[in-house]
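Take a look at this one; I'll ask things after.
No value in this document is a laboratory result; all are computed from the given coordinates. It should be emphasised that the depicted structure is a prediction, and the values quoted were computed from it without experimental measurement. With ideal geometry, Cβ positions are generated from the backbone for all residues, glycine too; neighbour counts draw on all protein chains shown.
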Amino acid sequence: MNRFKLAYGGAIILLAALASIAGSALVLWAIGASPWDTYVTIFTGPFKDVFGITEILVRAVPLILVALGIAIAFRSGIINIGAEGQMIVGILAATAVALALPGWPKWALLPLVILAGALGGGFWAGIAGVLRAKLGVNEILSTVMLNYIAAQFYTFFLRGPMIDPGELETGSGTPQSMRLPEAAILSRLVPGTRLHTGLLLALVLCVCVYFFLWHTTWGFRLRASGAEAKAARYAGIRVEGSLVTAMVLSGAFAGIAGAVEVTGVHHRAIENISSGYGFAGIVVALFGALHPAGIVPAAVFFGLLLVGADMTQRSAGVPANMILVLQGVIILSIVSAKMYLNNAYAQEKVRRWFSPKDPAETPAKTGGQA
Amino acid sequence: MTHGFIYNILSLGVPFSVALLLASLGENFNQRAGVFNLGCEGIMCMGAFLGFLPSYLLKTGPFLPYANLLGFALAMAAGVVLGLLFALVVVTFRAEQGIAGIGLQMLGWGVAGTLFRHFIGGVTGVEGMAAWPIPGLNRIPFLGGILFNHNPMVYLAFLMVPASWYILYKSPWGLKVRAAGTEPRAADSMGINVNRVRYQALMLGGAMAGLGGAYLSLCQAKMFADDLVAGRGFIAVALVYFGRWSPLGILGGALLFSIAQSLQLAIQVGGIKFPYEFAVMLPYVLVILVLALARKARMRGPTHLGIPYNREMRY
């Protein structure tokens, strides 16, 4: 029976993967690109040199952080689509703190900057959390709207109060902030590449999230609220409070992702800095089964996809928007597959379909296995 | 002066409401049938691109007069296809609707963007649809210019309000839709195929969202860009909540938004100092406010909204 279970799960995952590949191949074919060549470029291109490999990890860092937050929210029964906006607010907060305290030593400034990012992101997500808990506002809609609002705030600050004075002097007016002070910059792990120590932070936080969700009372409360709100309420858990907590934590992780991205990669707030990590993080979280141990490989895989997609744009002329198509198809396949993976009923149906005339299979016996 | 100011705002605001209105009325069918379709945004993106494409390709040819029609047809077809895809995922596979909707949004947005970048490249304008003033009615002082001096899609969209009211409340199919969203089990025992009704509602909703998208590119902006839709699909979903699942309420919501938008434009043109970004932000803030202030007690939506129907499952 176990072998069947494994085969069943494997078959579902394989089908979902095939559907994703075929779906995006259809779009590639429509724009006259060879799907095979494109996939080969995406999956092998980044491995050609050290820079490409480190670049995969550079992309994986914000993805891990965002996905951890998303996983906390989803596990607690609240859907956070607003990581993009929370990341942006985190970037604004982190940049503001870093620029406001230029003389501070690194050991004090850097943690403070990242904390500011977490607070910014947490605050932005908290709005949606409180609205959901107190007024029943659908959190999907409010987080989506908060994304658009955050994006406008961001351009407002970059064009106005936070613009690099140098840009105004030269008159070029590129909307970007001043360069962060040296003390607020994460050091590089591999010289000559963009890989920074944020990777270590992301991995440490993975372990923290695992312990928090599965080995603390607080984490249990969140998961219970998400798994079965009614039962949790009967058990005395304040479900509404859990929703807000989960949302704030979720946003804090997105904010940290933003702070790490600005202090580790760009070293100043520039336009399009979040570049879709907030949305890709949702896909990574789902792909990683909402578990830290799954999120890390999923983030590396999507980091590869992102770097590869950039390469196809340069070499094969496939627009980078293709990554959105891929992500969309993957989400649709995952959520479809998920309903069959842990569905004992569907599994039983398939099994009977393969052995229809097995007299030994009575409902009583199979009921025990489900 | 104030008379002219109000006239300008209203005569601009009415056509602005059409894309929201069409998408939102379509989404209403989805939600009434029990399906929460956040992919509306993605469908609108595809609709906007495909609506624009024929006009762009036939720019110089003799078929230009038919380009608009072809564009609308293509947009609706794309909406039906994406609606079917969404139905497959959330009705047949019973996937979580909120997340699947985000997937559909990314897919529609991504496909439209990819095709646009590949085939067109940069932002290009099209002729778009000309106004068809209704003879006689457009002479009515004040109201004539506000209501009867627009392109035909505006009239069509406003006719869709009573039409969708009639379909929902007076037609047998509308009864099935409402039953599928509120009491799917009872509907099933009365011999209504709940999943089939949901498929049909999603196809209809998709077609209307596609049409709304095409309206944006052909009638409103008269061009296409990656971010043309800019969250209008999500606003359309929010409007369904705001309008409490009634076509008339949705019309009110759509007009509120479009008039706010034209007011914001008027303020900008009028030279009142106001950061541009805050003006752009306004509709999104409005959505959150509207959702927050709508009284929860009176939000009696379809009870099975977002819950997949599984006839073989005990509740």
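Anyone know which of A:ALA229, A:ALA150, A:ALA108 comes out most mobile in the 10 Å Cα GNM of chain A?
A:ALA108
If you don't mind, there's one more thing I want to ask. Got a sec? Which residues in segment B:217-252 would a label at B:GLU127 touch, if it sits 7 Å along Cα→Cβ and we count backbone N under 15 Å?
Correct set: B:218-219, B:222-223.
Further, regarding this structure: Do you know the relative contact order of chain A, to the nearest whole percent, from alpha carbon pairs under 8 angstrom that are 6+ apart?
32
If you don't mind, another one. Report, in degrees rounded to the nearest 10, the 0 to 90 angle that the Cα long axis of helix A:277-287 makes with the longest principal axis of chain A.
With rounding to tens, the tilt is 20 degrees.
How far is the Cα center of segment A:186-237 from the Cα center of segment B:150-198, in Å?
44
For the protein assembly as shown, state the average projected area of the convex hull of the C-alpha atoms over all orientations, rounded to one decimal in nm².
Result: a mean projected hull area of 34.8 nm².
Where does each of B:ARG232, A:ARG3 land when they are ranked from fewest to most other beta-carbon atoms within 10 angstrom?
Ordered by Cβ neighbours within 10 Å, fewest first: A:ARG3, B:ARG232.
Once every Cα of segment A:51-133 carries one equal point scatterer and solvent is ignored, give the base-10 log of I(q)/I(0) from the Debye formula at q = 0.15, 0.18, 0.20, 0.27 Å⁻¹, two decimals.
Taken in order of the listed q values, log10 I(q)/I(0) reads -0.65, -0.85, -0.96, -1.20.
Right, next: Towards the positive end of the charge dipole of chain A, with charges on Cβ (+1 Lys, Arg; -1 Asp, Glu), say which of A:ILE273, A:TYR148, A:GLY166 has the farthest Cα.
Farthest along the dipole direction, towards plus: A:TYR148.
Any chance you could check the Cα centroid distance between segment A:317-334 and segment A:102-129 for me, in angstrom?
Computed from Cα coordinates, the inter-centre distance equals 32 Å.
Please give the helix B:276-293 orientation as an angle from the longest Cα principal axis of chain B, in degrees from 0 to 90, rounded to the nearest 10.
That works out to roughly 30 degrees.
Now for a separate question. If r is the Cβ-Cβ distance from B:LEU137 to B:PHE5 and R0 is 25 Å, what FRET efficiency results, to the nearest 0.05?
The formula returns an efficiency of 0.60 here.
Something else about it: Could you check the spin-label model distance between A:TRP218 and B:ILE267? Points 7 Å from the Cα along Cα→Cβ, value in nm.
4.1
Under the Kirkwood approximation for Rh and a Cα-based Rg, what ratio Rg/Rh is obtained for segment A:195-294?
Rg/Rh for segment A:195-294 comes to 1.04.
Can you sort B:MET203, A:MET178, B:MET46 so the residue with the fewest Cβ neighbours within 10 Å comes first?
Going from least to most buried by this count: A:MET178, B:MET203, B:MET46.
Right, something else. Given points 7 Å out from each Cα along the Cα-Cβ axis, report the A:PHE47 to A:GLU169 separation in nanometres with one decimal.
Using points 7 Å along Cα→Cβ, the separation is 4.8 nm.
Same structure, new question: Please compute the Kirkwood hydrodynamic radius over segment A:136-235, one decimal place, Å, based on all pairs of different Cα atoms.
18.4
Once the cut-off is 33 Å, how many percent of the Cα-Cα pairs in segment A:49-318 end up in the long-distance tail?
20
Let me ask something else about it. Once the other residues with Cβ under 12 Å from the Cβ of A:GLY255 are scored (Lys, Arg +1; Asp, Glu -1), what is the net sum?
Here the charged neighbours net out to -2.
Within segment B:211-241, whose backbone N sits under 18 Å from a point 7 Å along Cα→Cβ of A:LEU26?
none
Next question, about the same structure. When only Cα pairs under 8 Å and 6 or more residues apart are kept, what is the percent relative contact order across chain B?
37
While we're on this one: Let me know the mean shielding of A:126-138 by other chains, meaning the per-residue number of their Cβ atoms within 10 Å of its Cβ.
3
For chain B, list log₁₀ I(q)/I(0) at each q in 0.15 Å⁻¹, using the Debye formula over Cα point scatterers of equal strength and ignoring solvent, two decimals each.
Here log10 of I(q) over I(0) equals -1.21.
Oh, and also: Set the Förster radius R0 to 22 Å, insert the Cβ-Cβ distance between B:VAL81 and B:LEU57 as r into 1/(1 + (r/R0)^6), and round the FRET efficiency to 0.05.
Efficiency, rounded to the nearest 0.05: 0.65.
Turning to a different aspect of this structure: Taking the Cα centre of segment A:49-318 as origin and charging only Cβ (+1 Lys, Arg; -1 Asp, Glu), how large is the dipole, in debye to the nearest 20?
In debye, rounded to 20, segment A:49-318 gives about 760.
Which links in A:LYS230/A:LYS338; B:LYS222/B:LYS273; A:LYS5/A:LYS338; B:LYS59/B:LYS222 stretch past 19 Å when you go from one Cα to the other?
A:LYS230/A:LYS338; B:LYS222/B:LYS273
I would also like to ask the following. Averaged across orientations, what area in nm² does the convex hull of the alpha carbons in segment B:14-119 project?
Here the figure is 7.4 nm², rounded to one decimal.
Let me ask something else about it. Considering only A:HIS266, A:HIS215, A:HIS196, give the residue with the highest GNM mean-square fluctuation for chain A, with springs between Cα atoms whenever their separation is below 10 Å.
Maximum fluctuation in the GNM of chain A, among the listed residues, is at A:HIS215.
For a quick check: sort A:LEU203, A:LEU63 by the number of other beta carbons within 10 angstrom, fewest at the front.
Listing A:LEU203, A:LEU63 from fewest to most nearby Cβ atoms yields A:LEU203, A:LEU63.
Using Cα centres only, tell me the gap between segment A:160-182 and segment B:1-77 in whole Å.
Cα centroid of segment A:160-182 versus Cα centroid of segment B:1-77: 39 Å apart.
Then there's this: Could you work out the mean count of beta carbons from other protein chains within 10 Å of each residue's beta carbon in B:230-240?
3
Could you tell me the calculated FRET efficiency between A:ALA344 and B:PHE278, based on Cβ-Cβ distance and R0 = 45 angstrom, to the nearest 0.05?
With R0 = 45 Å, the Cβ-Cβ based efficiency is 0.25.
Against the longest principal axis of chain A, how steep is helix A:139-159, in degrees 0 to 90 to the nearest 10, with axes from Cα atoms?
So the helix axis and the longest Cα principal axis differ by about 20 degrees.
Comparing A:GLY173, A:GLY255, A:GLY226, which has the greatest mean-square fluctuation in the GNM of chain A with Cα pairs linked when under 10 Å apart?
Most flexible of the set in this elastic network: A:GLY173.
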